[in-house]
Amino acid sequence: MKIATHIYKSLTAKLIAASLLLFALESCDQKNTEPVDVYGYFPLEIGRYTVYNVKEEIYSTGQANPVIKNWQEKDKVESVSEDEAGMFTYIVSRSTRSSETEYWTKIKEYKVQKYPDKILTNIDNQTFFSMAFPVDTKMTWNGNTYNNRDEEEYHYENVNVPGKVGAESFDRTLRVVERNDSSIINRYIGIKQYGLGVGLLSDNQTSFEYCQDDACIGSGKIDSGTRKARVIVDYGIE
């Protein structure tokens, strides 16, 4: 009986220790992935603006070099409305200019809808499931739930970690990976980085078709496609 009792106590102690370790790991993970205000990664208030440097590379079959375009974009929250259910819809204007010395030209408006569990962005008549809450690396969702495009499983990476975009550093950032597929014949990437209290910091979208001729397949030579990068250079409230 004494041996059985000893074994029972030993197993009990091990189970308690394992439970405490699991709780500590879960608590640590929660601390790292759950900011105080999850909506702070997508701040919305009238007058809030963000300016981006934009670079686009366009590759065409038969062309040795891509066509490269550079410009600036400015997104600004113009207004907000509330429906009967208490949900908010924000109207955001987008303006462009070729360089810092030119005046802004407004080119479009788009909508951002804020819900307790998600952020929806409707731009060019397409609604995208931009963010899901709570913010957690275990969270996945279909970014095309509210449009007719093929399903794309979004997920979070590098949550609540310091980040640097361009010349500026940010205390807390996260990444939304919209797509990251590659093979010997193509490459598709969609990754957005957000900063707490700032919003979108960078947006990288790549869609390449590689050369598939016998002489170059597998070489990574780009046959056609585009690569577009938006990088934050200024933000604030007007």
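The values are calculated or read from the model by the stated rules, or taken from the named source; none is laboratory data. Predicted, not measured: the structure shown is a model, and the values here were computed from it. Here Cβ is always computed from backbone atoms with ideal geometry, including for glycine, and neighbour counts include all displayed protein chains. The area values use the complete protein model at the heavy-atom level, side chains included, leaving out ligands, DNA and RNA. Shrake-Rupley method; radii C 1.70, N 1.55, O 1.52, S 1.80 Å.
State whether one or more residues within the range 209-223 are small (Gly, Ala, Ser) and in a strand (DSSP E or B).
No, the range 209-223 has no match at all.
Tell me which of these VAL135 doesn't satisfy, since it passes every other one: (1) part of a strand (DSSP E or B); (2) out of contact with any Gly (no Cβ under 7 Å at 6 or more places or on another chain).
For VAL135, the exception is condition (1).
Could you identify the single residue in ARG149, ARG230, ARG187 that is open to solvent by 70 Å² or more (accessible area, probe 1.4 Å), in a strand (DSSP E or B) and at negative phi?
ARG187
Looking at the structure I just gave you, is THR173 assigned to a strand (DSSP E or B), among the polar types (S, T, N, Q) and open to solvent by less than 30 Å² (accessible area, probe 1.4 Å)?
Criteria met by THR173.
Within the range 106-146, can you find the residues that are open to solvent by 50 Å² or more (accessible area, probe 1.4 Å), of a type in the set (Val, Ile, Thr) and farther than 13 Å from LEU174 by Cβ?
ILE107, THR140, THR145
Considering (1) within 18 Å of the chain's Cα centre (by Cα); (2) surrounded by fewer than 14 Cβ atoms within 10 Å (Cβ to Cβ); (3) among the hydroxyl-bearing types (Ser, Thr, Tyr), say which one SER98 fails and leave the rest.
Exception for SER98: condition (1).
If SER182 passes every condition in (1) under 21 Å from LYS228 (Cα atoms); (2) modelled with pLDDT of 95 or more; (3) not aromatic (Phe, Trp, Tyr) but one, which one does it miss?
(2)
Looking only at the range 43-94, which residues are open to solvent by 40 Å² or more (accessible area, probe 1.4 Å), within 20 Å of the chain's Cα centre (by Cα) and closer than 23 Å to VAL135 by Cβ?
Correct list: GLU45 only.
Of the conditions (1) surrounded by fewer than 18 Cβ atoms within 10 Å (Cβ to Cβ); (2) over 30 Å from SER60 (Cα atoms); (3) of a type in the set (A, V, I, L, M); (4) in contact (Cβ under 8 Å) with a residue 24 or more places away in the chain, LEU196 clears all except one; give me its number.
Here LEU196 meets the rest and fails (1).
With the requirement that a residue be of a type in the set (Asp, Glu) and either open to solvent by 100 Å² or more (accessible area, probe 1.4 Å) or not in a loop (DSSP other than H, G, I, E, B) (or both), what does the range 152-168 give you?
Correct list: GLU153, GLU157, GLU168.
From the set of residues in the range 207-219 that are surrounded by fewer than 19 Cβ atoms within 10 Å (Cβ to Cβ) and in contact with a strand residue (DSSP E or B) (Cβ under 6 Å, 6 or more places away or on another chain), which is nearest to SER169 (Cα to Cα)?
SER207
Does the range 223-237 contain at least one residue that is over 15 Å from the mean Cα position of the chain (by Cα), under 29 Å from GLU45 (Cα atoms) and either among the charged types (D, E, K, R) or modelled with pLDDT under 95 (or both)?
yes
Could you say which residue among PRO35, PRO43 is at pLDDT 95 or above, closer than 20 Å to GLY195 by Cβ and part of a loop (DSSP other than H, G, I, E, B)? Give the steps one after another, and end with the answer.
Values: PRO35 fails: at pLDDT 95 or above.
Matching residue, one of PRO35, PRO43: PRO43.
Taking into account only those residues within the range 83-106 that are acidic (Asp, Glu), touching a strand residue (DSSP E or B) at 6+ places or on another chain (Cβ under 9 Å) and at pLDDT below 95, which is farthest from TYR39 (Cα to Cα)?
GLU100
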